[in-house]
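The next block holds one structure in the form of structure tokens; read it before the comments.
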Amino acid sequence: MRPLFWLATALIPAVMAEDGLDGWLRYAPLPDKIAKCYAKSIPSQVTVLGATDGLPLASAVKELKLGLKGILGKEVDISDEGCMGGETPSILLSTLENYVSVCGDLDDPPELDEDGFYFNTKDGNVVILGSNERATLYGTFEYLSRLAQARFEPVEYVDNPEANIRWGNHWDNMDYTTSTHGSIERGYAGVSIFFKDNKIRDDLSRVEQYARLLSSIRINAIVINNVNANPITLTDENLAGVGRIADLFRPYGVQVALSLNFASPVELGDLDTFDPLDEDVVRWWDGMVDKIYGVVPDLAGFLNKANSEGQPGPLTYNRTLAEGANLMARPAARHGGIFMFRAFVYDHHLDHRDWYNDRANAAVDFFKHHDGEFEDNVVVQIKYGPIDFQVREPPSTLFANLRHTPVAVELQVTQEYLGQQNHLFYLTPLWRDILDFDLRVDGEESYVRDVVSGKRFGHKLGGYAAVINVGMDRNWLGSHLAMSNLYAYGRIAWDSSSDSVDVVEDWTRLTFGLDRGVIDTVAEMSMLSWPMYENYTGNLGVQTLTDILHTHYGPNPASQDNNGWGQWTRANRYSIGMDRTVWNGTGYAGQYPAEVAERFEHIETTPDNLLLWFHHVPYTHVLKSGKTVIQHFYDAHYDGAEAAQTLVPMWESLKGRFDDERYEHMLHRLVYQAGHAIVWRDAVNYFYHNLSGIEDEAGRVGSHPWRIEVEDMELDGYERVAVTPPSTASRFYAVEAAANATVATATATLGFPAGTYRLAVNYYDLPDGQASYEVFINGEEVAAWEGDYDLYLGNTKSEFLDGHSAARRWLGEVTIAEGDELKIVGRPDGIERAPLDYVVFLPEGVVD
Ligand code: GCV
């Protein structure tokens, strides 16, 4: 006979391997005890009024069945008749309107806005009444989310959205061979789920799964193609494909929208002009928009990037931006469509020698005088900061300067400048920082959140857009933890007062289960991530300091300046920062309403974290904290890199508390991040140390007593190479195997005191090649690795030795004695010539 404990363990659900495909919609079984206790109290009868196949109410029923089965192991009966107050407890799903027409007026009807819903679980029944079908589906997802988090307390409330525009923007390209940025511009999780080889994919199964996720966070529209729009999206064949995509989103209440290329009448049609005032052009767009709506009658509308970064637009013909937007907005309006017009218009050939030039001024310069000239369905979509999704920016001044035009804020779920999903960066606190900023228009409360919702200036339209860029990777964004940002985006766009910690805790429960230790740890790691990343990348409002000319990933402070892009820091030997004051600088501070302008005009009233955004000061300037600017840089970079090391043990404490598959995947990324944070720290610190010539008071910068520079070792087959930018190599040099070498070695005699050390090596991991490496102490192999980070990290790759490819391997502990021989053998592969920077023997407690 089998022992009884066998039976007991058989009843506990095994921890199943998970790949992240379900995101937060896992409907994972609740622990037995909880499920048993509560399953009985959940009605077994579902009443759905007016469901039609292919529309959101039918999806609500489908999700409910799936969810109740998964979470509580409960089967339900479905009926299409019944009203509140019946004898059998039920879960009632309906639109409010339909409920009233079938069951009669309610005594106390809920006040629902568009997409809002009424939710009541108070008397043993569950009632979900939406203002429309998708709202009822939102309420159903809400119910399932509560159950999955074991929130059974009876509640009754109305949930209305703050804003009616809650859009996602994809920067997906039609193909990846001819597009400059591959399949998805700034995508870090595989290729497009929509497009392939200039066509819509035949297999769109990922789109349906994506629709569920978006709907559950109440995103109501999705722009499927890049703002750098390819006109061929509008060919007959591709439009038919767009129709197929819309058919998959429709059941989940997510409307499709399209980015339009302003030059389409020429590129796709047979006109020789795209002048917005030309009658043939007007006719062409009228016809095209009618045709698009013929295929997708419920299209949400359009998005357009005009006259920016090489995109065509009305300025080409000396027409105004308003004339350009209205050209396509008018026919869209006839179909009830919205026209989102991006404010990201600027000149990327600015003369950097002119102290008074400033890209940050562009949005107001280009748009303010057109306020009131746009059609009613035009919404100006404004990036949260005046530059470009930086680690710290003040809110764009344009939010305070358009009173007669509805606006939306553009956020970025994809971490373009923020670690490209290899670095943990939980974005909600950054978004809240912007949304909670009081612009003090006319001296009155004017939070950015109230400007974008339309509340502040009395607009019906307004809200949110976020660049999402999920890809074919099974876990959507490349990193499991990055999915908290997508979830959070939906929560914030619905209710901008959502608390950052609450949101990540909810997401963690849904994603990893109810273990308090997991919830607390993930929340702690997430809340640490913004200050940490800011610390080791760009401080005091100087921007992210990544390589803006190449991949936007690794460090390259020098790339900010002396070019036309206008992301300048104006760093020289003595001083740093953009002078954006009115009295002596670019005047940007003066674009804010008076109270805010006054605050940013003066160093004394500018917060330290935005000092260099608004002021140009000597490195020796003393901050409010009492530190000098340069010492703050040094300290912050050390603090940030040190904090990044703590993510690994925090995550390791979670081993075995959910599936190994997701645990291991994240562990690799966090270990990598711990190393890359050191690359960042050193590159930025070396750069400013070198430029300013000012020593670190703590004596850390440039002093690495536990490192061995590989270029100083005895080399056989290896050659010393200068790295660009120099600060992305320890002491500016590295080694690579000579062109004809199949194997190369570096040897040195160790001078460290006898003891046990943590061994690590910094090298460069390039695409298109997996070099292999072995490390020997006194002829005995102690470690080996392959340069294969490129195979599983999602960042934009660099083929050069630089801050993007620079990486660290942690090689475990070694015990050595003074005089031991260290030998590294590298075997190049493809373009990866087994490059090495330095080896480090870390005594207990040292991070270097
Ligand atoms: C889609 C930045 C990005 C570009 C992007 C652009 C935009 O410059 O690096 O990839 O283009 O913003 O938002 O239009």
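No lab work stands behind these numbers, since they all come straight from the coordinates. In this text the structure is predicted, and so the values were computed from the model without any measurement. Cβ atoms come from the backbone with ideal geometry, glycine included; neighbour counts cover every protein chain shown.
Stretching ASP639 away from GLN209 to a fully extended chain increases their span by 150.8 nm, per 0.36 nm per residue minus the current alpha-carbon distance. Centre-to-centre, using Cα atoms only, segment 159-212 and segment 243-315 are separated by 17 Å.
Each of ASN572 and LEU842 was given a label point 7 Å from its Cα along the Cα-to-Cβ line. The distance between the two points is 4.0 nm.
The local environment of LYS627, defined by Cβ-Cβ distances under 11 Å, has a net charge of -2 under the rule Lys, Arg +1 and Asp, Glu -1. For segment 652-742, trypsin sites (Lys or Arg not before Pro) are listed when DSSP marks them as loop and at most 14 other Cβ atoms sit within 10 Å of their Cβ; the list is LYS655, ARG657. According to the Kirkwood relation over distinct C-alpha pairs, the hydrodynamic radius of segment 210-275 is 13.0 Å. How much net charge surrounds GLY587 when only other residues with a Cβ under 11 Å from its Cβ are counted (Lys, Arg +1; Asp, Glu -1)? Summing Lys and Arg as +1 and Asp and Glu as -1 gives -3.
Were the residues from HIS668 through ALA817 laid out at 0.36 nm apart, the gain over their Cα-Cα distance would be 50.6 nm. Using every pair of distinct Cα positions in segment 645-702, the Kirkwood expression returns a hydrodynamic radius of 13.5 angstrom. Taken over the C-alpha atoms, segment 271-423 has Rg and Dmax values of 16.7, 52 angstrom.
Taking 4.7 Å between C-beta atoms as the pairing limit, the chain has these partnerless cysteines: CYS37.
For an R0 of 22 angstrom, estimate the FRET efficiency from the Cβ-Cβ distance between THR646 and THR749 and round to the nearest 0.05.
0.05
Compared with the alpha-carbon gap, the fully stretched path from MET527 to ASP502 is longer by 7.9 nm at 0.36 nm per residue. For segment 185-317, the normalised intensity computed at q = 0.11, 0.13 Å⁻¹ comes to -0.41, -0.57 (log10 of I(q)/I(0), Debye sum over alpha carbons, equal scatterers, no solvent). Of the peptides 218-226, 504-512, 94-102, the ranking by mean beta-carbon count within 10 Å, highest at the top, reads 218-226, 504-512, 94-102. Which links in LYS368/LYS460; LYS40/LYS122; LYS65/LYS655; LYS797/LYS823; LYS40/LYS65 stretch past 25 Å when you go from one Cα to the other? LYS65/LYS655; LYS797/LYS823, as the Cα separations exceed 25 Å there. Mind jotting down the distance between the C-alpha centroids of segment 515-585 and segment 604-676, whole Å? Each part reduced to its Cα centre gives a spacing of 11 Å. If both residues of a DSSP beta bridge must be in segment 40-167, then about 40% of such bridges are antiparallel.
Looking at segment 71-194, the pairs of alpha carbons with a distance over 18 Å make up 63% of the total. Entry note: the chain has Rg to Rh equal to 0.99, where both radii use alpha-carbon atoms and Rh is the Kirkwood radius. Just to confirm a number: summing +1 for Lys and Arg and -1 for Asp and Glu over residues other than TYR157 whose beta-carbon lies under 11 angstrom from that of TYR157, what do you get? Combined, the nearby Lys, Arg, Asp and Glu give -2. Distance from the C-alpha centroid of segment 58-106 to that of segment 725-784: 64 Å, rounded to the whole angstrom.
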